[in-house]
Amino acid sequence: MREALVTTVNAALDDDPRTALVLAEISARHFGRAAARHPGRVITSASANRP
């Protein structure tokens, strides 16, 4: 299922300049290609898990 999500999001970023992706640091490794191709639209946020 994760691979299907990565494939779908990558295609959306390639096809539609209105698409952006905000992801958690833990997921960033799956979207390296997308981040390289669309640096202004793939944003990695800090973890929200704080005590």
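The values are calculated or read from the model by the stated rules, or taken from the named source; none is laboratory data. Worth saying up front: this structure is predicted, and the values here are computed from it rather than measured. Cβ sites come from the backbone with ideal geometry, for glycine too, and all protein chains shown count toward neighbours.
Screening the stretch 14-35 for residues that are modelled with pLDDT of 95 or more and over 9 Å from the mean Cα position of the chain (by Cα) and picking the one that is surrounded by the most Cβ atoms within 10 Å (Cβ to Cβ) gives T19.
Close Cβ contacts (under 9 Å, 6 or more residues apart or on different chains) running from residues in the stretch 9-33 that are closer than 22 Å to A46 by Cβ to residues that are aromatic (F, W, Y) and modelled with pLDDT of 90 or more comprise V9/F31; L13/F31; L21/F31; L23/F31. Residues that are part of a helix (DSSP H, G or I) and over 8 Å from the mean Cα position of the chain (by Cα) do not occur anywhere in the stretch 39-48. It is to be established whether one or more residues within the stretch 7-27 are in contact with a strand residue (DSSP E or B) (Cβ under 7 Å, 6 or more places away or on another chain), outside any loop (DSSP other than H, G, I, E, B) and not hydrophobic (A, V, I, L, M, F, W, C). Within the stretch 7-27, one or more residues are in contact with a strand residue (DSSP E or B) (Cβ under 7 Å, 6 or more places away or on another chain), outside any loop (DSSP other than H, G, I, E, B) and not hydrophobic (A, V, I, L, M, F, W, C). When the stretch 1-13 is filtered for residues that are surrounded by 13 or more Cβ atoms within 10 Å (Cβ to Cβ) and β-branched (V, I, T), the ones remaining, listed by number, are V6, V9.
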